Amino acid sequence: MTLEQIETFLDLCETRSFNRTANRLGVTQSTISGRVQALETALGCKLLARSRAGTALTTEGLRFEPHARALRNGWTAAGQAVRGAGNAAMTLRIGIQHDLLGDQVAEWVKAVQGAVPDMALYVEADYSAQMCADVRDGQLDLAIHYTPKAHPDLHFESLGEVAYVMVSTEADDLGGIRPESYILPNYAPAFSATHSALLPMLSVGTVSSGQNAVIRGLLTALGGSTYVLRATALDLERGGLAKRVAHAPGIAQPVYAALHLRNRHRGAHRRILRALKAHLTARAV
């Protein structure tokens, strides 16, 4: 039994297609078939059943799937454990939503370091779907993000929320906002749903983005109106680049932490979650 065989089986659990898995892993379909056959031989049972309707997991395959994920995660954890982290006992790998990180990376790092001062930290910016997948696969220990992606191996907790507010280079009041120059923000499904409910006339735009830094750049380059993080709005006001729009509703975006189910009760992870909740609460004041 090899890690390649485990990875191939788990990919087939998602795609239910030998052809799609071959494309995703960059190998031939015969290679996928060979790996599956070798894995089934090692286990002494049939894991997948192929038919004209597609590929389905057998009863044995369904039973093996959670063990396969555990084997993959264990291998990843073992590899990370033997790599050096300086004088620290271990390295904690954290992913943070692009908008949350922004230019505040030092503040996030300080919050986590205060909770686990004996750990080295690796921090990266990414989007919700990828971070959830990385936590599931053991590539990240923790993700701070906007949109939970449900999975049996993942545990999610609410950390708080961040505020987005409307700014404009053209109008001081909501009644003066022009739809034709509106830059449509699409930060997360929850944000978009709230935006559509509150501002249906402004929920269709010719220019759109899902990243605060890009939205800010578009606003300062093209002019118009849009939603940005409250801290960004204050910075734009101070620089005389845009104004807050009166009578425009604020939109709160929930923030979540994702961690592997096996870590949800561990002391270090609980301390980190408490520190992150306090950090978000302080930012909201």
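Criterion applied to THR147, THR91 was being at pLDDT 90 or above and of a type in the set (Ser, Thr, Tyr), and the one residue passing it is THR147.
Being in contact with a Gly (Cβ under 7 Å, 6 or more places away or on another chain), assigned to a helix (DSSP H, G or I) and not assigned by TED's automatic domain parsing to the domain that holds ILE94, is that true of even one residue in the range 179-188?
Yes - at least one qualifying residue is present in the range 179-188.
Can you confirm whether the range 159-175 contains a residue that is of a type in the set (Val, Ile, Thr) and within 14 Å of the chain's Cα centre (by Cα)? There is no residue in the range 159-175 that is of a type in the set (Val, Ile, Thr) and within 14 Å of the chain's Cα centre (by Cα). Picking from residues in the range 98-131 that are part of a loop (DSSP other than H, G, I, E, B) and modelled with pLDDT under 85, the one that is farthest from the chain's Cα centre (by Cα) is ASP118.
Only residues that are more than 29 Å from the chain's Cα centre (by Cα), within 17 Å of LEU202 (Cβ to Cβ) and not in a strand (DSSP E or B) were counted across the range 228-259, and they come to 3.
The condition of being at pLDDT 95 or above and farther than 19 Å from TYR127 by Cα holds for only one of LEU222, LEU198, that being LEU198.
Okay, residues lined up against (1) part of a loop (DSSP other than H, G, I, E, B); (2) buried (at least 21 other Cβ atoms within 10 Å of the Cβ):
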position	(1), (2)
GLN139	yes, no
ILE144	no, yes
PRO148	yes, no
PRO152	yes, no
HIS155	no, no
GLU161	no, no
TYR164	no, yes
VAL167	no, yes
ALA190	no, no
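Would the range 206-214 turn up any residue that is surrounded by fewer than 16 Cβ atoms within 10 Å (Cβ to Cβ) and assigned to a loop (DSSP other than H, G, I, E, B)? The answer is yes, given that some residue of the range 206-214 is surrounded by fewer than 16 Cβ atoms within 10 Å (Cβ to Cβ) and assigned to a loop (DSSP other than H, G, I, E, B). With respect to (1) outside any loop (DSSP other than H, G, I, E, B); (2) surrounded by fewer than 19 Cβ atoms within 10 Å (Cβ to Cβ); (3) modelled with pLDDT under 95; (4) of a type in the set (A, V, I, L, M, F, W, C), the lone exception for ILE272 is condition (2).
Exactly one residue out of ARG63, ARG50, ARG35 is over 23 Å from PRO152 (Cβ atoms), surrounded by fewer than 15 Cβ atoms within 10 Å (Cβ to Cβ) and not aliphatic (A, V, I, L, M), and it is ARG50. When the range 38-47 is filtered for residues that are assigned to a helix (DSSP H, G or I) and surrounded by 13 or more Cβ atoms within 10 Å (Cβ to Cβ), the ones remaining, listed by number, are ALA38, LEU39, GLU40, LEU43. Any residue at all in the range 230-248 that's within 26 Å of ILE94 (Cβ to Cβ) and touching a Leu at 6+ places or on another chain (Cβ under 7 Å)? Checked against the condition, which is being within 26 Å of ILE94 (Cβ to Cβ) and touching a Leu at 6+ places or on another chain (Cβ under 7 Å), the range 230-248 yields no hits at all. Across the range 1-22, the number of residues qualifying as surrounded by fewer than 14 Cβ atoms within 10 Å (Cβ to Cβ) and out of contact with any helix residue (DSSP H, G or I) (no Cβ under 7 Å at 6 or more places or on another chain) comes to 2.
Being at pLDDT 95 or above, within 30 Å of ARG274 (Cβ to Cβ) and crowded, with 20+ Cβ neighbours inside 10 Å is a property that TYR227 has. For SER208, the criteria (1) hydroxyl-bearing (Ser, Thr, Tyr); (2) at pLDDT 95 or above; (3) touching a Leu at 6+ places or on another chain (Cβ under 6 Å) hold in every case but one, which is (2).
The values are calculated or read from the model by the stated rules, or taken from the named source; none is laboratory data. From a predicted model like this one, the values you see are computed outputs, not experimental measurements. Counting neighbours? That spans all protein chains shown, and the Cβs are built from the backbone with ideal geometry, glycine included.
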